[in-house]
Amino acid sequence: MVKVTVVAPANIAFIKYWGRSEHNLYIARNTSISMTMSGCITTTTVEVGDFENDQIEVKFFNQEYKKLQALDHKPKALFKQIERIRSLAKSTQKTKIKTENNFPNDVGIASSASGFAALTGALLLGYGLEKEFADKEEFSRQIRLCGSGSAIRSAMGGFVEFLAPKEAIQAAGGFSPEDLASELKEHLHKESYARQITDENHWNLVDIVAITNPKKKLVSSSQGHLMADTSPYYETRISEMQDRIAQTRQAILDKDIRQLGPLIEEDSNSMHSVMMTSKPPIFYWSPGSMEIMLNVMKWRREDDLQAYFTLDAGSNVHVITEKKDSEEVKKRLENLPSVQWTIYNQPCPGVTKINKHLF
Ligand code: PMV
């Protein structure tokens, strides 16, 4: 019996991944860039042994442990990932898994990112695939095959990009998954991975998540990716964002909040425009999200408080600022009527093995 435990952070995208050029391999249509989040963590323990079946128990935020069923829609991806890694390791042994989140799930705080990254890391180590775990780019490819592209940006610490292969971009729209030659598939798989821009010690940037509505969102990001290209503005987004990707990378390296902030907001607004104009439309913003966005802009305009908003597929607002301004931003956010509570995050290491097991 081998028992392994890892912790994995969620991450917040400054440049968003929205839409794929190949759905079966989860190949992103555009490169995305994110920061890991120290306050939103999944812990996962995997035991590999002579069990009859794979068993997964999950403890969501403020809930008790619950057994997942292999045939249910969402857990299917987790059980599939166990099968895949078991066969990669040429093993027949089954697993016993416990996993816990310290933050709300399915509300736009990337709980699938930390969850899938933690599960994949613990499985690779549990099945003795240390090399695949240690090579962080290969590790990120393994995470991607779980089904969450954003999760691959949690493989490593700090500021990370998820690369979209050029050929995939060119070919997008022109092929169906069945038509893809196996060579092209292999190429796409190799070229679609996470790369660290700079580590967690580079810049004291802070993400304060303002929780407006911890209820489950109505449309999952997996469903949203499938619909992205039904928006008439999707192709426009893909072309207008290319300069922004390069500028974002540079602003991070230069530690320049005045440069980075507007890029973050533009990209969030650009992605949400695509979402709202998809067929059928998807609205993740709530009245509370609007209140926060408008106030963040007002604080900048009136007080030069350097804070910028970004939203993923949910109504909660991530407010990005520097550590020196974070107390002030947190205080102001918590005074807004629509903010229930906040979660403070700094850049942190990616998936990490720890010695304290969950069982
Ligand atoms: O990784 P997925 O399939 O859960 O998609 C995530 C999409 C966004 O969170 C909206 C954007 C991003 O890049 O994280």
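As I understand it, the value is the acute angle between the Cα axis of helix 75-88 and the longest principal axis of the Cα atoms of the chain; what does it come to in degrees, rounded to 10?
So the helix axis and the longest Cα principal axis differ by about 50 degrees.
Percent antiparallel among DSSP beta bridges with both residues in the chain, to the nearest 5?
90
Working from Cα positions, state the angle (0 to 90°, nearest 10) between the long axis of helix 287-303 and the longest principal axis of the chain.
Tilt of helix 287-303: around 50 degrees.
Filter the GluC sites (Glu not before Pro) in region 12-56 to those in DSSP coil with at most 16 other Cβ atoms within 10 Å of their Cβ, and list the result.
Values: sites: E22, E47, E52; in loops: E52.
Passing sites in region 12-56 are E52.
Nearest 10 degrees, 0 to 90: what angle lies between the long axis of helix 182-191 and the longest principal axis of the chain (Cα atoms)?
50
Using a 1.4 Å probe and ignoring any ligands, DNA or RNA, find the accessible area of L205 and quote it in Å² to the nearest 10.
For L205, solvent-accessible area is about 0 Å².
Would you give the gap between the C-alpha center of region 236-295 and the C-alpha center of region 87-158, rounded to a whole Å?
So the separation of the two Cα centres works out to 27 Å.
Counting only protein chains, not ligands or nucleic acids, how are L336, L253 ordered by accessible area (probe 1.4 Å), most first?
Putting L336, L253 in descending order of accessible area: L253, L336.
Within straight cross-link reach of K217, meaning Cα distance under 26 Å, which lysines are found once same-chain residues fewer than 8 apart are removed?
List returned: K16, K59, K66, K67, K74, K76, K80, K98, K279, K330.
Under a Cβ-only charge scheme (Lys and Arg +1, Asp and Glu -1), can you give me the dipole magnitude of the chain about the Cα centre, in debye to the nearest 20?
Computed charge dipole of the chain: roughly 760 debye.
Report, to the nearest whole %, how much of the accessible area of the chain belongs to carbon and sulfur atoms, 1.4 Å probe, protein only.
49
Order L226, L333, most accessible first, counting only protein heavy atoms with a 1.4 angstrom probe.
Descending order: L226, L333.
Sorted by packing (mean other beta-carbon atoms within 10 Å per residue), highest first, where do 77-89, 258-270 land?
Put in order of decreasing packing, that is 258-270, 77-89.
Using the heavy atoms of the protein chains and a 1.4 angstrom probe, tell me the accessible area per residue for the chain in square angstrom.
On the way: 15430 Å² over 359 residues.
With the other protein chains kept in place, the chain gives 43 Å² per residue.
If a paramagnetic tag sat 7 Å from the Cα of E137 along the Cα-Cβ line, which residues of region 320-356 would have the backbone N under 19 Å from that point?
From region 320-356, the list is 350-351.
Which of the peptides 24-36, 59-71 is most tightly packed, and how do the rest follow, going by the mean number of other Cβ atoms within 10 Å of each residue?
24-36, 59-71
The values are calculated or read from the model by the stated rules, or taken from the named source; none is laboratory data. Being a predicted model, the structure only gives us computed values, none of them experimental. Note that each Cβ is placed from the backbone with ideal geometry, even for glycine, and that neighbours are counted across all protein chains shown. For accessibility, only protein heavy atoms count, side chains too; no ligands or nucleic acids. Shrake-Rupley method; radii C 1.70, N 1.55, O 1.52, S 1.80 Å.
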